[in-house]
Amino acid sequence: CVKLAKRYRHFRRFVYDYEAETFNTVNGATDNKSGPKVSCTVEVDVPQTCSFILRTTECSLSEAVGIDDEGNPLYRPAAEAEAFKAAMEKNTLKITVEGQTDVKLYPEDDEPVNILNIKRGIVSALMVPVMEEEKNNEMPTVHGVCSTDFTVNNRQDIATDVTVSRDLSRCDWFTARRQDTSPLALVSGMVRKYGLSKLIRSTQSCNYMFDNQKKHMTSGTCTEKHIFLPLSHENQYGISAMVKQTVTLRATAKINDRIFDHSEYLPMDVVDDKSPVQTMDAVAATMQKLNSLSETNEGEKRAGLFRQLVSEFRGLKGDILNSAIVEMTDISPSLTWQALAQCGTPECTSAMLKLLRTFDGDAVEVDAVVYALGLLPNPSRQMVKDLLAMAQYKQSKPIMYALSNAARKLYKSEGVTPEITAVYKYIASLLGADCAGDKDLTFLTLRVVGNMGDAMEAVDPAIKTTLLKCMRQPATTLSVQLAAIQAFRRMSVTDERVSQYSKGAVQKRLAAYLTLMRNPEDSDIEVVKKLLNQEQNEQIRAFVSSHIYNIISSTDSETKKLGEKIMDALQDTEVSTHSDYTTKSRNYELGMAHESMAAKIQGNVIFDPSSTLPREVLLETTLNAFGYSMDIWEVGMEGKGFEPTIEALFGKNGFFPDTVSKALYWAEEQMSPKIKEVLEKWVAPLKIEGQKLVKDLLNRESPEAMAYLRLMGAELGYIKSNELKSILSIPAPQDTMKFLRIR
């Protein structure tokens, strides 16, 4: 901090008049402005080099109430002005600067968050350019370290008038902040997840004047502008906000104080928003008061008290909240659960999961609540840690999927953390060395591995070696082998290639083929050539030819490059597709584009030589819009053994009467010729000629099926046919049955 020390010399006190105004308005539509104004006397003591003590006195807080004839805002004192003044004066703020950009704050333990944030803004305004002009490319602000453009307007012995400007979106902490809101909010987390903050243009420009002899700042003005781009014109007219800070030197003096002691520090741009006094007394009192209200005569008080209760929950740290949550449920279980559900802090979520672990292990409520928590957009490290504890307590499908969804999102936002590593170790213990354990649990584990594949691979790429062993595990089922291949497909393609199976199930071979084609090498193209020319299995050859045909015919730039590479390798090999929709495997692709948006629909239908019905059907949709690529949805189905059932229901002597056939004929007449052509081929085997019920239907081997759904890149779950039986066997309450009958 030697360079900044030339601006603020040690053993000195600098006294500034500080003023900050915020204007919210719609430029071009109205002259009305709203927002607060803060004024303070700011004293900066420098007891040691690059160590500062900030005092704020004589502070006032006012709010805009209108504008005068010249368009300037008119102010009046805010309702809490005196309390604000006392809070600003109560504590000093200690600051250190290390190097060029590392600013650390040392607030007092009882400093309120809003007061600390205002002082952060003051510190940011005092972080002036250093004298070595080439060192001003990166400067610290409340938005983090920002790339800065530096201009000298006037120079004497030193630069005495300078301007710095910056695009705030290029600052390393200019991101949407985590804000504790109700997890039940429908659009919570949208800004963080989809980058909607890019729709706001934010800039800052500061002008500083310096004393030519003593080098310190004599005045400074910083103006920060934010405008909402979708509703703007020429990037200046529309919904906007402006923050203007002004500092003016009043006096300087020498000081004799050399002491600078401090406690734990905070970075300038992050704060832990917790109450300074950690006790459950106030929470318990609010809970008692709320619980004692009459629902009929005092109902109007409930909303305010409940909001107060939720706010008090949000202010508590985890150890305090967890230690008293049982006491809260003793007062009122329903109020406790409602407040925790609306709270939204990691501590509240942790308390909810702690309570759920006291429920009966088979309780449906546990699975439902945990699964819902896993869908929250911005999981904390504590949530992933708690969900892991839940999964270790109960390996149900909803809990395992909740863990995988939370871990995947945490990895995307923070990378590999100790919590992600702990999840990996647990998942690896369930898989074992080669997936030779319990088949149902192994299948479930592989599905959730695929859901968070990039996170698991980032912890230890050896997970892919385990998946390869699972693919080749002879003692397990085909569904487990396929799940291993599909999990492998969710990870990066490296030199560790998925082998091509010359024998085995069509599904398994084609799953391996699709993994191979994610990033094919020259040797892989040769494998494709052999599949097209020499493959004996008609279903394999039909699918590969349709897939290669779609690649070559694609208009997507990246896919076209792959298509050209394939065409060069295939040379004289003819590539064509087929139109047999009902008996041959095929890859489908449909693209649609409009201005800045494009959608692509892909699908696979895979038959087995021994079956007249598809073994696997997959359909997925991808949307490219405004520079973002999003996997909208994907649905997949796998099954076998349905032929006897279909024959019994719709065959020549099947159960359904001729009216079903007539309905199908009618449906065909309402559709376009192209869709009708496809539908005719699909439903032809289903049009019945008789009404005889095959009495031995229930004695046959039960069909096996599995279906799954992915939305926005996350797999929400899967269901097997044998699970449907247990679901359907659960008796519904009488009132529910009555409702269904009415409907």
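I'd like the residue in segment 99-141 that is closer than 16 Å to Asn207 by Cα and of a type in the set (Ser, Thr, Tyr) and, out of all such residues, is modelled with the highest pLDDT.
Ser124
Filter segment 601-624 down to residues that are modelled with pLDDT of 75 or more and either open to solvent by 60 Å² or more (accessible area, probe 1.4 Å) or of a type in the set (A, V, I, L, M, F, W, C) (or both), then give me how many there are.
Selection size over segment 601-624: 8.
Hey, could you check segment 14-66 for residues that are of a type outside the set (Gly, Ala, Ser) and on the phi > 0 side of the Ramachandran plot and say which is least open to solvent (accessible area, probe 1.4 Å)?
Cys50
Could you check segment 315-337 and list, in sequence order, the residues that are open to solvent by 30 Å² or more (accessible area, probe 1.4 Å) and at pLDDT below 85?
Lys317, Asp319, Ile320, Asn322, Ser323, Val326, Glu327 - these are the residues of segment 315-337 that are open to solvent by 30 Å² or more (accessible area, probe 1.4 Å) and at pLDDT below 85.
Quickly run through segment 228-253 and pick out the residues that are hydrophobic (A, V, I, L, M, F, W, C) and modelled with pLDDT of 80 or more.
Applying the first criterion (hydrophobic (A, V, I, L, M, F, W, C)) to segment 228-253 yields 228-229, 231, 239, 241-243, 247, 249, 251, 253.
Those that are hydrophobic (A, V, I, L, M, F, W, C) and modelled with pLDDT of 80 or more: Phe228, Ile239, Ala241, Met242, Val243, Val247, Leu249, Ala251, Ala253.
Any chance you could count how many residues in segment 364-411 are open to solvent by 40 Å² or more (accessible area, probe 1.4 Å) and among the aliphatic types (A, V, I, L, M)?
Total meeting the criteria: 5.
Taking Asn117 as meeting all but one of (1) over 24 Å from Arg13 (Cα atoms); (2) surrounded by fewer than 18 Cβ atoms within 10 Å (Cβ to Cβ); (3) under 31 Å from the mean Cα position of the chain (by Cα), write down the number of the exception.
Looking at each condition in turn, Asn117 falls short on (1).
Which of the residues spanning segment 121-146 are surrounded by fewer than 21 Cβ atoms within 10 Å (Cβ to Cβ) and either under 32 Å from the mean Cα position of the chain (by Cα) or among the polar types (S, T, N, Q) (or both)?
Passing the criteria: Gly121, Asn136, Asn137, Glu138, Gly144, Val145.
Can you report the number of residues in segment 515-543 which are charged (D, E, K, R), assigned to a helix (DSSP H, G or I) and over 16 Å from Thr573 (Cβ atoms)?
Number of matching residues: 1.
Scan segment 9-29 for residues that are within 23 Å of Glu58 (Cα to Cα) and not charged (D, E, K, R) and jot them down. Before you say what the answer is, go through the steps one by one.
Filtering segment 9-29 for residues within 23 Å of Glu58 (Cα to Cα) gives 12-23.
The answer is Phe14, Val15, Tyr16, Tyr18, Ala20, Thr22, Phe23.
Looking at (1) open to solvent by less than 60 Å² (accessible area, probe 1.4 Å); (2) among the aromatic types (Phe, Trp, Tyr); (3) more than 26 Å from Leu441 (Cα to Cα), which one does Tyr549 not meet, given that it meets all the others?
Condition (1) is where Tyr549 drops out.
Do you know which residues across segment 413-428 are without any contact (Cβ under 8 Å) to a residue 40 or more places away in the chain and either open to solvent by 40 Å² or more (accessible area, probe 1.4 Å) or not in a loop (DSSP other than H, G, I, E, B) (or both)?
Residues satisfying the conditions are Glu414, Pro418, Glu419, Ile420, Thr421, Ala422, Val423, Tyr424, Lys425, Tyr426, Ile427, Ala428.
Considering only segment 356-374, how many residues are modelled with pLDDT of 85 or more and out of contact with any Phe, Trp or Tyr (no Cβ under 7 Å at 6 or more places or on another chain)?
7
Within segment 585-594, can one find any residue that is at pLDDT 80 or above, of a type outside the set (Lys, Arg), exposed (fewer than 12 other Cβ atoms within 10 Å of the Cβ) and over 22 Å from Met706 (Cβ atoms)?
Within segment 585-594 (the criterion being at pLDDT 80 or above, of a type outside the set (Lys, Arg), exposed (fewer than 12 other Cβ atoms within 10 Å of the Cβ) and over 22 Å from Met706 (Cβ atoms)), the answer is no, since none of the residues qualifies.
Scanning for something surrounded by 14 or more Cβ atoms within 10 Å (Cβ to Cβ), out of contact with any Cys (no Cβ under 7 Å at 6 or more places or on another chain) and among the hydroxyl-bearing types (Ser, Thr, Tyr), does segment 295-311 turn up at least one residue?
Taking every residue of segment 295-311 in turn, at least one turns out to be surrounded by 14 or more Cβ atoms within 10 Å (Cβ to Cβ), out of contact with any Cys (no Cβ under 7 Å at 6 or more places or on another chain) and among the hydroxyl-bearing types (Ser, Thr, Tyr).
Residue check: is Ala372 of a type in the set (Gly, Ala, Ser) and closer than 24 Å to Leu709 by Cβ?
Working: of a type in the set (Gly, Ala, Ser): yes; closer than 24 Å to Leu709 by Cβ: yes.
Here the answer is yes, as Ala372 does meet what is asked.
So which of Lys503, Lys561 ends up being of a type outside the set (A, V, I, L, M) and at pLDDT 80 or above?
Being of a type outside the set (A, V, I, L, M) and at pLDDT 80 or above holds for just one of Lys503, Lys561, which is Lys561.
Tell me the residue from Ser60, Ser34, Ser51 that is closer than 14 Å to Thr22 by Cα and either of a type in the set (Gly, Ala, Ser) or in contact (Cβ under 8 Å) with a residue 60 or more places away in the chain (or both), please.
Ser34
Right, Cys470: assigned to a loop (DSSP other than H, G, I, E, B) and under 21 Å from Leu514 (Cβ atoms) or not?
no
Would you check which residues across segment 227-253 are open to solvent by 40 Å² or more (accessible area, probe 1.4 Å), in a strand (DSSP E or B) and under 14 Å from Ser202 (Cβ atoms) and list them?
Phe228, Ile239, Met242, Val243
Any idea which residue in segment 254-295 is modelled with the highest pLDDT, counting only those that are under 21 Å from Thr336 (Cβ atoms), among the hydrophobic types (A, V, I, L, M, F, W, C) and assigned to a loop (DSSP other than H, G, I, E, B)?
Across segment 254-295, the extreme among qualifying residues is Leu293.
Considering only residues that are open to solvent by 20 Å² or more (accessible area, probe 1.4 Å) and either in a loop (DSSP other than H, G, I, E, B) or touching a His at 6+ places or on another chain (Cβ under 6 Å) (or both), which ones fall in segment 1-13?
Passing the criteria: Cys1, Lys6, Arg9, His10, Phe11.
Tally time: how many residues in segment 429-459 are under 20 Å from the mean Cα position of the chain (by Cα), buried (at least 24 other Cβ atoms within 10 Å of the Cβ) and among the β-branched types (Val, Ile, Thr)?
2
If you go through segment 368-392, how many residues are hydroxyl-bearing (Ser, Thr, Tyr) and under 11 Å from Gly344 (Cα atoms)?
Restricting attention to segment 368-392, the residues satisfying the condition of being hydroxyl-bearing (Ser, Thr, Tyr) are 371, 380.
Now drop any that are not under 11 Å from Gly344 (Cα atoms), which leaves 380.
Count: 1.
The values are calculated or read from the model by the stated rules, or taken from the named source; none is laboratory data. Not measured: the values here are computed from a predicted model. Glycine also receives a Cβ, built like all others from the backbone with ideal geometry; neighbour counts cover every protein chain displayed. Surface accessibility is based on the protein's heavy atoms, side chains included, excluding ligands, DNA and RNA. Shrake-Rupley method; radii C 1.70, N 1.55, O 1.52, S 1.80 Å.
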